[in-house]
1. Could you pull out every one of the helices (runs of 4 or more DSSP H) wholly within region 158-218 that has 1 or more residues that are touching a residue at least 60 places away in the same chain (Cβ under 8 Å) and hydroxyl-bearing (Ser, Thr, Tyr)?
2. For region 60-91, name all the residues that are assigned to a loop (DSSP other than H, G, I, E, B), closer than 18 Å to Tyr200 by Cβ and either of a type in the set (D, E, K, R) or touching a residue at least 12 places away in the same chain (Cβ under 8 Å) (or both).
3. Checking the condition assigned to a strand (DSSP E or B) and not charged (D, E, K, R), which residue from Thr36, Thr57, Thr43 passes?
4. One residue is enough: does region 94-110 have a residue meeting the conditions of a type outside the set (Val, Ile, Thr), at pLDDT 65 or above, assigned to a strand (DSSP E or B) and surrounded by 12 or more Cβ atoms within 10 Å (Cβ to Cβ)?
Amino acid sequence: MKNYILIFLLCFTGNAYAQVLKGTVKDGVSGEYLSTVTVKNLTNNQTAYTNREGSYTITAMSGDVVRFELVGYKTQQYTVPKALGFAEMYISLFQMSYELDEFVLKPRYTPYQLDSMERRSTYQRALAREKGGSVMSPVTFLAEKLSRRSKRIYRFQKDFSKWEKDKFISSRYTPELVTSQTGLQGDTLAYFMNANEMPYDFARVASDLEIKMWIREQYRAWLKHPLIPEIISAKDSTISSP
């Protein structure tokens, strides 16, 4: 009995100084509120998502660093200010610009973004689940630790993040694009793409021209050590220009 009382007191003490950060996120140009923005506390690794009204709530202490991220927008991060109990932070995100030759393209939403927003809306409830339960409820905190359902939700959140990254890479690193740069098709194309996976961070920041150049460089290196014999015949083929 004494052990349970000690655990309860420790949990209560650990949460007594907890602080909640809340606010909204909107488009810096149009002023429209943005949903499914990932709000992550880099200090305690907790994650939340904005709802349809652009609102969010997340556990954060004064001095914690919080990152705001949405595909197609420039990522921003801020330090939580000093406050008593609750702190407020209202954020504006700006879309990324993709420069192609002499033109600057600023799309409203790409097909991938539309699909991503629909997926996040579908699983919004599970994605918004935070570890630890209520910041003022030690009992809920202990229940979360012992709940199998909670563990499944947190595992889903981690898997969902990886799936989103893979889908984003696939939206830029497509078989059609690789074929246009290498002439590869069928099984040979599949082997090449599996052997040369594009890094997520590169896919996020690279221009279309940079991605084409990356594919051509990977192809030249791959020709020296192809994974299948059939690719040897491709050495005599001419690589198309970007």
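The values are calculated or read from the model by the stated rules, or taken from the named source; none is laboratory data. Remember, predicted model here, so these are calculated numbers, not experimental data. In this analysis, Cβ positions are derived from the backbone assuming ideal geometry, glycine residues included, and neighbour counts consider all displayed protein chains.
1. 175-182
2. Correct list: Leu70, Val71, Gly72, Lys74.
3. Within the list Thr36, Thr57, Thr43, the selection yields Thr57.
4. Taking every residue of region 94-110 in turn, at least one turns out to be of a type outside the set (Val, Ile, Thr), at pLDDT 65 or above, assigned to a strand (DSSP E or B) and surrounded by 12 or more Cβ atoms within 10 Å (Cβ to Cβ).
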